[in-house]
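Report on one structure; see the data block that follows.
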Amino acid sequence: MSTKAAPVTNAFSVEEIRAQFPILKELIHGKPLVYFDNAATSQKPRRVIKAESAYYATINANVHRGVHTLSTKATEAQEAAREIIRRHINAKHVHEVIFTSGTTASMNLAAFSLGQLLLKKGDEVLISGMEHHANIVPWQMACERHGAKLKVIPVTDSGEWDLKPQRRSDATDSATSFSAERTRILAISHVSNTLGTINPVKKLIAEAKKLGIITVVDGAQAIAHLDIDVQDLGCDLYAFSGHKAYGPTGTGVLYGREELLERMPPWQGGGEMIDTVTFEKTTYAKLPFKFEAGTPHIAGIIGLGEAIRWMEDYDKASMAAHEHILLEHATKELLTVDGLRIIGTAKNKVGVISFVIEGVHHYDLGTLLDQQGIAVRTGHHCTQPLMERFSVSGTTRASFACFNTVEEVEVMVGATRKAVKMLR
Ligand code: 7TS
């Protein structure tokens, strides 16, 4: 497929980028693949695939265990990835970067451990109405364990946080108020996976901090599109998945501020997270290993380090600028489809566009688009409460990455128009 999008900056050429993704040469039902499901998982550049397979081919061994050469090399490669990630998110210390299997695991760690440390009967955890289930259910479980309550920031019609009730000193709706006495934890997404909204996390974190509230950010949809500086954000914990940022599946990170991580109890017990074990008592390893029980996904972590270096080579801001062009084009063109409504119309968005079409079920549309080689996600996107907020059972979602083109957007819009005619 030829690519029509002009390079956005000198540092960025979509043609050059596309050439690095082997999967983009695949045909789906005989048609060139148009991959618009990057919010579910992004595709991987050759460099990442090679880094992962090179580990297995040349230095495969367990980490932090053997004195033998391979184990040393594997350990060095894994720890080099930790430093790449530290630098990328501007954490102060390398031991503030904990490897997990993904955002879901990071959030379960955070909710379990912070629950043990902070929550007691009558306390509150505040999340927002646009959270992914991974940033709802672990907190619900923690609240159940400790007798705390889950409170929710409402979402406006455009798909943004409605912070007015929180700000009012005379807030009558206690369901949405920040309370110095009761709120212990604020857990919010940086970017909504369903709406694409970029949330003003820094501002809310600053307000929470004034009240001594611990802040946790779900950065799953931010890491591939925004420059992340955890010190500038001021958050206590920040979670993301490697596979949504051009890295391997089964990898993730939980960043934590040293002083808080020191106080947090471990989530999982087992090998590697201990200092000494007797049948009577176990003492735990230093950070970050206290939170990394068992053998990690070493190959994946090395691949994640390479994915981060790859993104840095191409400059995230240039990628985001390109994706914004795709978003604007898709928004304008899709709105010309009869009966189409976009869910999520915030001013500040990443390249995610969710829509519903009158008289057309999202599942049927997704199936017909697939016949044309176009991969989109359909359904509730693991945000069922948000679907309820917008009174829809699901949406069709196109989510862009730096390798997508304006021409691909046109292919999708054309195929959507055709599908609507068939389905009505
Ligand atoms: N939080 C957000 C905001 C997400 O978008 C996702 C995954 C997760 C947490 C969980 O990440 P995981 O890597 O542990 O699965 N979101 C999506 C999605 O939008 N479509 O498929 C997965």
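The values are calculated or read from the model by the stated rules, or taken from the named source; none is laboratory data. Here the structure is a predicted model, which means the values were calculated and not measured. When we count neighbours, we look across all protein chains shown, and the Cβ atoms used for this are built from the backbone with ideal geometry, even at glycine. When the accessible area is computed, the model is the full protein with side chains, heavy atoms only, and any ligands, DNA or RNA have been set aside. Shrake-Rupley method; radii C 1.70, N 1.55, O 1.52, S 1.80 Å.
Based on this model, can you work out whether residue 234 counts as under 25 Å from residue 116 (Cβ atoms) and touching a residue at least 40 places away in the same chain (Cβ under 8 Å)?
The answer is no for residue 234.
Considering only residues that are part of a helix (DSSP H, G or I) and either within 13 Å of the ligand (Cβ to nearest atom) or over 22 Å from the mean Cα position of the chain (by Cα) (or both), which ones fall in region 389-412?
To start, the set of residues in region 389-412 that are part of a helix (DSSP H, G or I) comprises 389, 406-412.
Those that are part of a helix (DSSP H, G or I) and either within 13 Å of the ligand (Cβ to nearest atom) or over 22 Å from the mean Cα position of the chain (by Cα) (or both): 406, 407, 408, 409, 410, 411, 412.
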Matching option when the condition is at negative phi and within 19 Å of the chain's Cα centre (by Cα), among 250, 269, 305: 305
Checklist (1) crowded, with 21+ Cβ neighbours inside 10 Å; (2) in contact with a Pro (Cβ under 6 Å, 6 or more places away or on another chain) applied to residue 124, failing item: (2)
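Would you tally the residues in region 78-102 being open to solvent by 10 Å² or more (accessible area, probe 1.4 Å) and outside any strand (DSSP E or B)?
Looking only at that region, the number is 13.
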Residues located in region 199-228, provided they are among the β-branched types (Val, Ile, Thr) and either within 12 Å of the ligand (Cβ to nearest atom) or in contact with a helix residue (DSSP H, G or I) (Cβ under 7 Å, 6 or more places away or on another chain) (or both): 201, 205, 214, 215, 216, 217, 223, 228
Test for residue 148: is it without any contact (Cβ under 8 Å) to a residue 60 or more places away in the chain and either within 23 Å of residue 384 (Cα to Cα) or open to solvent by less than 10 Å² (accessible area, probe 1.4 Å) (or both): yes
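With within 16 Å of the ligand (Cβ to nearest atom) and either in contact with a helix residue (DSSP H, G or I) (Cβ under 9 Å, 6 or more places away or on another chain) or of a type in the set (A, V, I, L, M, F, W, C) (or both) as the only criterion, which of 39, 77, 57 stands out?
None of the other options fit; the residue is 39.
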Residues within region 352-390 that are of a type in the set (D, E, K, R) and touching a residue at least 60 places away in the same chain (Cβ under 8 Å), tallied: 3
Residue in region 367-388 that is touching a helix residue (DSSP H, G or I) at 6+ places or on another chain (Cβ under 8 Å), of a type in the set (Val, Ile, Thr) and part of a loop (DSSP other than H, G, I, E, B) present: yes
Filter pass, residue 99 being under 26 Å from residue 224 (Cα atoms) and more than 9 Å from the ligand (Cβ to nearest atom): yes
Enumeration of residues in region 329-351 that are charged (D, E, K, R) and either open to solvent by less than 60 Å² (accessible area, probe 1.4 Å) or under 18 Å from the mean Cα position of the chain (by Cα) (or both): 333, 349
Check on residue 112, open to solvent by 30 Å² or more (accessible area, probe 1.4 Å), within 16 Å of the ligand (Cβ to nearest atom) and within 25 Å of the chain's Cα centre (by Cα): yes
Search result, residues across region 391-424 that are free of Cβ contacts under 8 Å to residues at least 60 places away in the same chain and either over 17 Å from residue 31 (Cβ atoms) or touching a Phe, Trp or Tyr at 6+ places or on another chain (Cβ under 8 Å) (or both): 391, 392, 393, 394, 396, 421
The lone exception for residue 134 - which of (1) modelled with pLDDT of 95 or more; (2) over 26 Å from residue 259 (Cβ atoms) it fails: (2)
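Within region 270-328, take every residue that is of a type in the set (Phe, Trp, Tyr), part of a helix (DSSP H, G or I) and farther than 30 Å from residue 402 by Cα and give me the one that is most open to solvent (accessible area, probe 1.4 Å).
Across region 270-328, the extreme among qualifying residues is 289.
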Candidate set: region 234-260, residues that are surrounded by fewer than 24 Cβ atoms within 10 Å (Cβ to Cβ) and away from the ligand (no atom under 16 Å from the Cβ); chosen: the one farthest from residue 97 (Cα to Cα): 234
